[in-house]
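Trainee: Have a look at the structure that comes next, please.
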Ligand SMILES: NC(=O)c1ccc[n+]([C@@H]2O[C@H](COP(=O)([O-])OP(=O)(O)OC[C@H]3O[C@@H](n4cnc5c(N)ncnc54)[C@H](OP(=O)(O)O)[C@@H]3O)[C@@H](O)[C@H]2O)c1
């Protein structure tokens, strides 16, 4: 095990899907807070490197680590790289998600949003010391799946992300035995993200219906909540909600 990076007391944080959108913004927020951030991406190395370079220019530290999380071998390589370079992982932010891609097959949402999340956590566990934390990033439409209708385009993603959240929650006893906490951060549609822009094109009524409830949270607001969730005093299993007050009048879990 070699420690090539001088951590200088920083926490080691892996943010999945951090080459763009909410993951990228979360990585920047965590680096500003003083963490060393590992920026995971699937294929967009240049974008991931640009995020890492921006963090370095702002005085923080970051590295990049590619890997399609739906590919078991790639997930293994990602965690092996973290082990080799840092020897530990203090925080795992599960932001990468998928299923709306035109190339995605019918089984892909469950593979990326449930199976890959569970596998990555299981692979990362040996690197995570007592006191470390896992933050699962999700949407209200997924978190409240089955209790509120979702746009047809989003149904497989909502169902699979909720299945992923349930699978992770089932791990809580095992995580607690190791002193590791799980916190979930759920957001309304987030303004300015590619997914909301895509939905706006394919089903603008669905986005308008959310805007009718009030302004949508921004990427910066949501990313700040995710970054804060890595340090909050919340008990394991807690869910932090961002936006979408109308959802919160329903029973939560
Ligand atoms: N957008 C919203 O309105 C909204 C609302 C609430 C919650 N959320 C949640 O916030 C998270 C981020 O959403 P976003 O809209 O910012 O996503 P996004 O813009 O679609 O970004 C996806 C990121 O995940 C990476 N990625 C995709 N598939 C991957 C895979 N198989 N393996 C590894 N990385 C992969 C992408 O890497 P490449 O660039 O290399 O492809 C990219 O960095 C998701 O969990 C989502 O459910 C989003």
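Nothing in this text is a laboratory measurement; each read-out follows from the coordinates by a stated rule. Fair warning: this is a prediction, and the values are worked out from it, not measured in the lab. Here the Cβ positions follow ideal geometry from the backbone for every residue, glycine too, while neighbour counts run over all protein chains shown.
Trainee: Quick one: in the range 167-182, which of the residues that are within 15 Å of residue 128 (Cα to Cα) and in contact (Cβ under 8 Å) with a residue 60 or more places away in the chain is surrounded by the most Cβ atoms within 10 Å (Cβ to Cβ)?
Mentor: Here the residue is 175.
Trainee: Hey, among the residues in the range 199-224 that are surrounded by 15 or more Cβ atoms within 10 Å (Cβ to Cβ), farther than 22 Å from residue 29 by Cα and in contact (Cβ under 8 Å) with a residue 24 or more places away in the chain, which one's farthest from the ligand (Cβ to nearest atom)?
Mentor: The extreme case among them is 203.
Trainee: Being part of a helix (DSSP H, G or I), within 14 Å of the ligand (Cβ to nearest atom) and more than 24 Å from residue 139 (Cα to Cα) is the filter here, so list the residues in the range 56-81 that pass it.
Mentor: 72, 73, 74, 76, 77, 78, 79, 81
Trainee: Report whether or not residue 83 is in contact with a helix residue (DSSP H, G or I) (Cβ under 6 Å, 6 or more places away or on another chain) and surrounded by fewer than 20 Cβ atoms within 10 Å (Cβ to Cβ).
Mentor: Yes.
Trainee: Run down 114, 88 and say which single residue is over 13 Å from residue 136 (Cα atoms) and either part of a loop (DSSP other than H, G, I, E, B) or touching a residue at least 24 places away in the same chain (Cβ under 8 Å) (or both).
Mentor: Matching residue, one of 114, 88: 88.
Trainee: Given the residues 121, 135, which is the only one that is buried (at least 20 other Cβ atoms within 10 Å of the Cβ), in contact (Cβ under 8 Å) with a residue 60 or more places away in the chain and more than 9 Å from the ligand (Cβ to nearest atom)?
Mentor: 135
Trainee: So in the range 27-45, with the set limited to residues that are more than 8 Å from the ligand (Cβ to nearest atom) and not in a helix (DSSP H, G or I), which one is farthest from residue 84 (Cα to Cα)?
Mentor: Here the residue is 33.
Trainee: Of the residues 48, 24, 18, which is within 13 Å of the ligand (Cβ to nearest atom), closer than 23 Å to residue 195 by Cβ, touching a strand residue (DSSP E or B) at 6+ places or on another chain (Cβ under 8 Å) and assigned to a loop (DSSP other than H, G, I, E, B)?
Mentor: The match here is 18.
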